[in-house]
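The values are calculated or read from the model by the stated rules, or taken from the named source; none is laboratory data. This one's a predicted model, so the numbers in the text were calculated from it and none came from an experiment. Don't worry about glycine lacking a Cβ; one is built from the backbone with ideal geometry, like all the others, and counts go over all protein chains shown. These area figures cover heavy atoms from the full protein model, side chains too; ligands, DNA and RNA do not enter into them. Shrake-Rupley method; radii C 1.70, N 1.55, O 1.52, S 1.80 Å.
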Amino acid sequence: MNRSLMLALTAAVAVLAAAPAAAQNYPAKPVKFITPYPPGGTTDILARLVGTKLQQSLGQPFLVESKAGAGGNVGTDFVAKAPPDGYTILMAASGPLSINVTLFKSLPYSPERDLAPVILVASVPLVLVVHDSFPAKNVKELLALLKAKPDAYSYASAGNGTPQHLSAELFKQMTGTKMVHVPYKGSGPAINDLIGGQVPIAFESLIPILPQLKGGKVRALAVTSLKRSALLPDVPTLDEAGVKGYESIAWYGVLAPAKAPKPIVDKLNAEMTKALKDPDVKQRLAEMGSAEVYGSPEKFGALIKSEIAKWAPVVKASGATVD
């Protein structure tokens, strides 16, 4: 064996031997916990919720830092290009990991190639809602109206390419109906116009629409998950209401840079699983409308792959694109 090959093998063995030791001592310093959206949003809340428990169990601060921009791409790309040592991790959302792959003409990162899945943290359905004055009282009646008058009704969304927009587009594709899309800059303005009656229909995130449902200004026709929401137990799923197989979920999870040592990824997964099973955390997630999730890194990776494939044709059919 020549000297250069011998040195290469020795180095490789040293790296493999060091990985378990690094995991055993991890974390030895504070960890940056990046969120790709502004402070106060869902990823920020989840990162702080999980980070607090990790700090208690692992003895080092998990410092939540927002790097917002480009529909979540800025923060996601920051972590994809960070040193793969476990000291920079991401609380990501479904947009930058699945929808944006097709929505943006070019991404500076590949969710599957440049990031290592750690764990799925939360999974929240949307709600198909209508203004209280809208004549349809259920999904069957809504479909009858939409089919009788194609493009006569409009729906509001939080913006082009958002889960709210694409949930409606998936609904249109699966039911053969037509509605006019009215995009807004975020859920707040969209909900305001829905309440005001300017736009009669919307697919909206569960948490911001709940107070309006309780106030009686809007009505829920269905939720977009395959199981009913504990927060709206009397509201059927779209699948139950006749749109068989319909599912659209906003999901959130933790990832590290792609080459992060597997022992560190596995340690983070184990500690986060404990955190997500904590009664206080479970209650907070339930209040946010999330089903109880988590699971292995491989399970989360399979979800990301399947969601990229699911939303690509929906995005293309909608015509939504971002340079």
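Annotations
- Leu146 falls short on exactly one of the conditions (1) under 17 Å from Ile308 (Cβ atoms); (2) without any contact (Cβ under 8 Å) to a residue 40 or more places away in the chain; (3) of a type outside the set (Val, Ile, Thr); (4) open to solvent by less than 20 Å² (accessible area, probe 1.4 Å), and that condition is (1).
- Taking (1) out of contact with any Ser or Thr (no Cβ under 9 Å at 6 or more places or on another chain); (2) among the aliphatic types (A, V, I, L, M); (3) open to solvent by less than 50 Å² (accessible area, probe 1.4 Å); (4) farther than 24 Å from Ser133 by Cβ in turn, Leu221 satisfies each apart from (4).
- Residue in the range 127-183 that is modelled with the lowest pLDDT, counting only those that are closer than 19 Å to Val218 by Cβ and β-branched (Val, Ile, Thr): Thr162
- Any hit, the range 261-269, residues being open to solvent by 20 Å² or more (accessible area, probe 1.4 Å), hydrophobic (A, V, I, L, M, F, W, C) and either within 12 Å of Val127 (Cβ to Cβ) or touching a residue at least 60 places away in the same chain (Cβ under 8 Å) (or both): no
- Residue in the range 42-60 that is within 24 Å of the chain's Cα centre (by Cα), under 25 Å from Ile207 (Cβ atoms) and modelled with pLDDT under 85 present: no
- Criterion violated by Lys214 - all others in (1) under 17 Å from Lys137 (Cβ atoms); (2) at pLDDT below 95 satisfied: (1)
- Filter result for Lys227 (more than 30 Å from Pro61 (Cα to Cα) and either aliphatic (A, V, I, L, M) or open to solvent by 10 Å² or more (accessible area, probe 1.4 Å) (or both)): yes
- The single residue among Ser318, Ser306, Ser296 that is among the hydroxyl-bearing types (Ser, Thr, Tyr) and open to solvent by less than 40 Å² (accessible area, probe 1.4 Å) turns out to be Ser318.
- Any hit, the range 247-258, residues being buried (at least 22 other Cβ atoms within 10 Å of the Cβ), more than 28 Å from Lys32 (Cβ to Cβ) and in contact (Cβ under 8 Å) with a residue 24 or more places away in the chain: yes
- Gly253 vs. criteria within 21 Å of the chain's Cα centre (by Cα), at positive phi and of a type outside the set (A, V, I, L, M, F, W, C): no
- Being out of contact with any Phe, Trp or Tyr (no Cβ under 7 Å at 6 or more places or on another chain), at positive phi and surrounded by 18 or more Cβ atoms within 10 Å (Cβ to Cβ) holds for only one residue in Gly161, Gly176, and it is Gly161.
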